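Below you'll find the structure, written out as structure tokens, and then a few comments.
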Amino acid sequence: MGRHFGDLAKIRHIITYSISPFEQRAFPNYFSKGIPNVWRRFRSSVFKVAPPMIVMYLTYTWGNSVHQQSKRKNPADYENDE
């Protein structure tokens, strides 16, 4: 009934090695090397990413406040209505 997915092509002169999923360690060195690496990467990129995000947030909030103010009616226009 055809070939299986792993046997679709015959490739010569390439050697592949694999290990059983039961023998692999899912999180090796997670706490000793993983978390310090995340912290190092965060420190190196926070000053490149944070300033544009802060500027965009301030622009967004300023734009929303200006929009809300422009939607309000001026109460002085309606003081003498009866």
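Taken together, the values in this text are just the output of simple stated rules run on the coordinates, not laboratory data. Since we're looking at a predicted model, the values are computed, not measured. All Cβ positions, glycine included, derive from the backbone under ideal geometry; neighbour counts span all protein chains shown.
What the table shows:
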quantity: Binned Cα-Cα distances of region 1-71, short to long, each 10 Å bin given as a whole percent; calculated: 13, 16, 17, 17, 17, 12, 7, 0
quantity: In nm, spacing of pseudo-spin labels at VAL46 and LYS71 (7 Å Cα→C-beta vector); calculated: 3.6
quantity: Global form of region 31-71, assessed from the alpha-carbon gyration tensor, a/c cut-off 1.5; calculated: prolate
